[in-house]
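A short write-up of the structure that comes next.
The values are calculated or read from the model by the stated rules, or taken from the named source; none is laboratory data. Computed from a predicted model, the values in this text were never measured in an experiment. Cβ: placed from backbone, ideal geometry, glycine included. Neighbour counts: every protein chain shown. Ligands, DNA and RNA are stripped out before the accessible areas are found, and what is left, the full protein with its side chains, is counted by its heavy atoms. Shrake-Rupley method; radii C 1.70, N 1.55, O 1.52, S 1.80 Å.
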Amino acid sequence: MFATNSKSSYAHSAFGLKLATINLFNFIEPPGAFYEFSNIYSEDQWRQKRAWLNRYIGSYQPDIIAFQEVFSASALKALLEPLGYRFFSVVDEPEPLEDYIYKSPVVCLASRYPILSALPLQADPEVSQRMGIQQDFEYSRLPLFATLELPSLGQTDIYVVHLKSKRPIMEDTTAEGESKKLAQSMQEEITGSWASAIQRGSEACHLMNSIIERRSHTNNPAIVMGDFNDDLRSEVLRAFHVSGLRSITDDMADMPLSHYQLHDSWDLYVKSTGETGLERPPTHYFHAKGSVLDYILLSSEFNSGDPASIAEVGDFHCEDTHLVNPKFDQDTYSTDHAIVSVTISLRQ
């Protein structure tokens, strides 16, 4: 576990902050293996994976990057430092299975600007109790909660997340030599898929509770970046939809409700362009069907329609050429997710 926080001076003439979220899809340095012994990159495959990331950063130059599916955080830090990311944080470690085999990759944060603090975001037992689930509930992957010092914005809270996937949570109870029946397989997948949805939704609820708690005590802008593994509009991720809460009344307003709302950066971008009919590109494909799983959410300070706003989304980019038009010699060991990036500009 480490977090780099060395002091430095920096200059930024015209403010344009670029954020990006990247699922690195099994970023592990050989001889480490992900999940199974056979999953070890050759030196050439590892070189290709790092070169792909280098090319993206060289082309788009994000200032702050949220990473998911990282097994080798120290290797990622070493790759990024010469590219200008002097500040790097990770708050968890992958879990060893045996020898060089690992599971449970972690999230990381890299920044050109100072990271003042970085902490793991633990589930709150009291929140779990109110949700009606076990008080020892834990995130499937620990989120990273950091506070950064950013030009013009000042102290800003950033959350890096990787919510539970839709892969069914299943235990193989079939006896050795016994084949599964159709009915049994159907039952296991139905219950396993719902178990995954409960885990993912509970993680979203815990996360939003933590963000609300933090926002109630600070005026720090908030940014949430990562792989949500679901459509933001789904009922499973309902915790993020605070504008739809029924129990809110005007006499509660120590702060306006908008202070606690998070906005999808795509929606803010579309609003800022004034264009209608813009088609949102998918960030992941499963059996050729595209879906949006990767998001950057922003607090009211970035919503140009809010009286409290000081900045707005000036650009939105989804880097997906490695998915929709891959080059064999460059993209074979890239990632199975698109990269989402946004540019934040100060309001005039």
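When the residues of the stretch 171-183 are filtered to those that are over 32 Å from the mean Cα position of the chain (by Cα) and modelled with pLDDT under 85, the one that is most open to solvent (accessible area, probe 1.4 Å) is Glu176.
Would a scan of the stretch 39-53 turn up a residue that is at pLDDT 95 or above, closer than 24 Å to Pro143 by Cα and part of a loop (DSSP other than H, G, I, E, B)? No, there is no match, as no residue in the stretch 39-53 is at pLDDT 95 or above, closer than 24 Å to Pro143 by Cα and part of a loop (DSSP other than H, G, I, E, B). Is there a residue in the stretch 189-207 that is in a helix (DSSP H, G or I), out of contact with any Pro (no Cβ under 9 Å at 6 or more places or on another chain), touching a residue at least 24 places away in the same chain (Cβ under 8 Å) and hydroxyl-bearing (Ser, Thr, Tyr)? Yes: one or more hits. Filter the stretch 112-166 down to the residues that are among the acidic types (Asp, Glu) and either open to solvent by 10 Å² or more (accessible area, probe 1.4 Å) or in contact with a Gly (Cβ under 8 Å, 6 or more places away or on another chain) (or both) and list them by number. Across the stretch 112-166, the qualifying residues are Asp124, Glu126, Asp136, Glu138, Glu149.
Scanning the stretch 77-111 for residues that are touching a Phe, Trp or Tyr at 6+ places or on another chain (Cβ under 6 Å), buried (at least 22 other Cβ atoms within 10 Å of the Cβ) and not in a strand (DSSP E or B) gives a single hit, Pro105.
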